[in-house]
Amino acid sequence: MAQSMVFNLDSEVQLAKWLELHAAAPDFWAGPCGALDTVRGDDRAAQRWFGGVLRTGVLFAQQLILTDAQLLDGVFFQSFTAQGTLELLGMPLSERPALRIYTRAATIEESLRRFATTADGRRLRFVIWSSVLPCLPEGTDPGCAFRALEGRPADRVADAPAGTVAHEIAALLEEGLGLTRGTLRGLAAAWQSWIDADVAGLVETAPLELPDRALFESRMRRHLSSEGVGLPHDTLRPIHEQPDRSHARTAIDDLEVDSEQKRRLHVAYADAYSLALSESCGADVWLKIDAADTDGGDTSGGPLRAGQLALAGAATVQLGDMTPARFQTLRYEARDAIAAWQERADPVATREIAYQVRVASERGDVRSQRQAVRARALMVAGLALVAFVLDLVPELDGRWTVLSLGAALLVGVLPEAVASWRDYRNLGDGRLSSVIKLTKG
């Protein structure tokens, strides 16, 4: 089974996209279900982007690789919760889980405990929590706020029994950040949903066995240097020497360079970190998926390297707009085209899968189709009845009967004729092969 790692699912990228779609709010995680009501509301932008990225990745590679940090600190994963995310994927329980989580402990719950605390488990460690940032008070310096958490006693987390770790960590974060009690209640519930999904076997986990630190750092240096940030190695050395990403981000902020170079360096560091992780986790391909780029443009922001693949185009947006039932039906109906796309990813296979996605998005879900058929049947029956009644009235000539029967015929046939015309138009669309643009490294 092909496995891929998706750049768009890195926690920092998730946060940037979320803030682009939704404004930060102090009560972001205050609800019992977190932000699930927000992302399922009238504004479907979050579902369109997140669903499009997830579904495009799963169609191409069958299984997506995540690290526990991407999952536990990913604002989209926590906003949708485990149930909402798996519902987006439309995966039957009989199938192999579409998400493979590499964890630093035996379970997701223990990984959350280790993610938040030091090696001895008795103190909080410095982590820039991307998932918490949207609810920080306006004007707060995130680096200073989260650095103040470092070293705070975490005995409650270390001694917490199974099933309570998420709530204890949320409570400690509230206290350390000076937030009102209950501000992170929804985030704790979202963490718990993924813990429960792990226990139920709805996601697949594997140990995160990174190579020795020297090898990982060498990969980081190689990728970061290749990003073309234009800074000498001595300037980048303080970043490479940091023990984790959060410290590296603050090291970048402390560099004596202009703001534009810092921005480019943050982007390059996130890119290099994801590449090094994908190599360490054994991903077959590293994907960049852009649901916003509908003209087939390059999503990479730079040249792609071996093992990378950029996917961009309208099909990703169409996938994100589908209902879970429609997406699951598409996966079954287009299974041969999907298999060919996964195997070859050439223009012919791309054209076929893009055609299938477009047709499925225009068709809508099965219930809507049946409702439309019933409505047309009632209209045809009504017009036929009118024609029958008019034919019984001797004062009227046969023109009204013919008109009524003609209208009934149009109501019954015209929608199918339009659908056939659309199908013919889609088949002849020369741009279809670039609706999903595949740029191999």
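Structure above, values below:
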| item | result |
| --- | --- |
| Meets criteria (crowded, with 19+ Cβ neighbours inside 10 Å, farther than 18 Å from residue 243 by Cα and not hydrophobic (A, V, I, L, M, F, W, C)) for residue 74 | yes |
| Pick from segment 13-34, criterion in a helix (DSSP H, G or I) and at pLDDT 85 or above, ranking: surrounded by the most Cβ atoms within 10 Å (Cβ to Cβ) | 18 |
| Helices (runs of 4 or more DSSP H) contained in segment 338-441 and holding at least 2 residues modelled with pLDDT under 70 | 366-392, 399-427 |
| Residue in segment 186-200 that is in contact with an Asp or Glu (Cβ under 6 Å, 6 or more places away or on another chain) and under 17 Å from residue 132 (Cα atoms) present | no |
| Exclusive hit being in a helix (DSSP H, G or I), surrounded by 20 or more Cβ atoms within 10 Å (Cβ to Cβ) and at pLDDT below 85, set 187, 215, 224 | 224 |
| Sole residue being in contact (Cβ under 8 Å) with a residue 60 or more places away in the chain and surrounded by fewer than 18 Cβ atoms within 10 Å (Cβ to Cβ), chosen from 107, 103 | 107 |
| Hey, residue 246 in contact with a strand residue (DSSP E or B) (Cβ under 7 Å, 6 or more places away or on another chain) and of a type in the set (Ser, Thr, Tyr) or not | no |
| Elements of type helices (runs of 4 or more DSSP H) in segment 77-177, at least 3 residues being within 24 Å of the chain's Cα centre (by Cα) and at negative phi | 108-116 |
| Test: residue 333 is modelled with pLDDT of 70 or more and surrounded by fewer than 13 Cβ atoms within 10 Å (Cβ to Cβ) | no |
| Selection from segment 279-304 of residues that are more than 17 Å from the chain's Cα centre (by Cα), at pLDDT 55 or above and in a loop (DSSP other than H, G, I, E, B) | 282, 283, 284 |
| Qualifying residue in segment 125-137 (condition: over 19 Å from residue 243 (Cα atoms) and surrounded by fewer than 16 Cβ atoms within 10 Å (Cβ to Cβ)) | yes |
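For every residue, the table says whether it meets (1) under 25 Å from residue 80 (Cβ atoms); (2) aromatic (Phe, Trp, Tyr); (3) touching a residue at least 60 places away in the same chain (Cβ under 8 Å); (4) in the same structural domain as residue 280 (by TED's automatic domain parsing).
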site: 144; (1), (2), (3), (4): no, no, no, no
site: 154; (1), (2), (3), (4): no, no, no, no
site: 167; (1), (2), (3), (4): yes, no, no, no
site: 187; (1), (2), (3), (4): yes, no, yes, no
site: 202; (1), (2), (3), (4): yes, no, yes, no
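The values are calculated or read from the model by the stated rules, or taken from the named source; none is laboratory data. This one's a predicted model, so the numbers in the text were calculated from it and none came from an experiment. Every residue, glycine among them, receives a Cβ derived from its backbone with ideal geometry; neighbour counts consider all protein chains shown.
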